[in-house]
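One structure is given below, encoded as structure tokens.
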Amino acid sequence: MSNKFIEFQNQVEAVKARCASGEIGEAERDAALRQMRLQDEAWGDVWMLSPKGDWFRKAKGSDSWVRDYPLPLIDPATLPTVPQMNLRQVARAVHDCARCPLHQGRARAVPGEGPANAEIMFIGEGPGFNEDKQGRPFVGAAGQFLEELLHGIGFKREDVFITNVVKCRPPNNRDPEADELAACKGYLDRQVELIDPKVIVTLGRFSMYRYFPGASITKIHGQAQRVGQRLIVPMFHPAAALHQPKWRPLLIEDFQKLPQFIKEAAAFSQPKEADVSSATQLNLF
Ligand code: URA
Ligand code: SF4
């Protein structure tokens, strides 16, 4: 496979080799690596490869660098079935997915982002206008509010895994339909299995239905329910709380309970197995 990401990787290796041969010092090497950029013309993204070997992406229209992995470095021909995939492979499969009609209207699929060992996972509904443009979840107004809510309990966005029940934007932000939710479910199932969070927060009705079909969000929001080895906490969707001022304080209040729920879940969740493959994945993702 030859592509510009491989060429860029080779340029980075060449700088490292100059350091290894004593031609330049380590400080000079790291400074050079931090300045190297790859412009992805297809999407307008900018990429960099840190001295530690982690890829970062700045999406067009965004100011922030996010740890990401260039999908062109994964050969789609090598993908196993979804239940065998790692997180990167899920992202690659989602990127090319045509399992439901939502693929027709998307600019970019939005697999989700965050650390592979996150203790909390947030599951929203589906990408909106900005998410579809950037290929990242919760980057519009709802995302900004979500970040504020996280800061309010001492968390950063980078600490949590954020994704959606459908990975492609429904036209005009309409509700996802049953067949679309069903078609997309396998990806989310695998993400939950791999990340194995202590606490899952569902944002809005559609992700709540995944665990509590037919439940009423006004009745069960903010109540943690044990499902297997973790707690599921349904909450109002931040976008709904922005539109319905009466829900805003309820969402803030529900967020305040999260640190306690994490502690409670830690008491009964299994310590994560120190398995080599997940450790590798953590480094790479
Ligand atoms: N709303 C969602 O449900 N998900 C997003 O990613 C953005 C807005
Ligand atoms: Fe595939 Fe999910 Fe996108 Fe539908 S919404 S095309 S199932 S990734």
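Considering only the stretch 254-264, I want to know if a residue exists there that is free of Cβ contacts under 8 Å to residues at least 24 places away in the same chain and surrounded by 17 or more Cβ atoms within 10 Å (Cβ to Cβ).
no
Do any helices (runs of 4 or more DSSP H) entirely within the stretch 1-112 hold 1 or more residues that are within 15 Å of the chain's Cα centre (by Cα), and if so, which? Walk me through how you get there before you give the answer.
Details: elements: 4-20, 26-35, 87-96.
Counting at least 1 such residues, we get 87-96.
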Next on the checklist: of a type in the set (A, V, I, L, M, F, W, C), closer than 30 Å to F129 by Cβ, touching a strand residue (DSSP E or B) at 6+ places or on another chain (Cβ under 9 Å) and not assigned by TED's automatic domain parsing to the domain that holds P176: is that true of L33 in this structure?
Outcome noted: no
Checklist entry - Among (1) within 16 Å of ligand 2 (Cβ to nearest atom); (2) more than 13 Å from I120 (Cα to Cα), where does V192 come up short? => result (2)
Checklist entry - Looking at this structure, is R18 more than 27 Å from A93 (Cβ to Cβ), free of Cβ contacts under 8 Å to residues at least 12 places away in the same chain and of a type in the set (K, R)? => result yes
Item to check | Meets criteria (in the same structural domain as T81 (by TED's automatic domain parsing), buried (at least 19 other Cβ atoms within 10 Å of the Cβ) and under 19 Å from the mean Cα position of the chain (by Cα)) for V192 | outcome: no
Checklist entry - Which ones in the stretch 116-135 are within 19 Å of V233 (Cβ to Cβ) and either within 11 Å of ligand 1 (Cβ to nearest atom) or not acidic (D, E) (or both)? => result A118, I120, M121, F122, I123, G124, E125
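Rundown of residues vs (1) over 20 Å from S269 (Cβ atoms); (2) within 16 Å of ligand 1 (Cβ to nearest atom), yes/no style:
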residue	(1), (2)
Y187	yes, yes
R190	no, no
L194	no, no
V199	no, no
H221	yes, yes
R230	no, no
P234	no, yes
Checklist outcome for this item: Within the stretch 221-239, the residues that are within 17 Å of E193 (Cα to Cα) and part of a loop (DSSP other than H, G, I, E, B) are G228, Q229
Item to check | Per-region count, the stretch 91-106, residues within 16 Å of ligand 1 (Cβ to nearest atom) and in contact (Cβ under 8 Å) with a residue 60 or more places away in the chain | outcome: 4
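The values are calculated or read from the model by the stated rules, or taken from the named source; none is laboratory data. The model shown is predicted, which means the values in this text are computed figures rather than measured ones. Please note: Cβ atoms are built from the backbone with ideal geometry, for glycine as well, and neighbour counts cover all protein chains shown.
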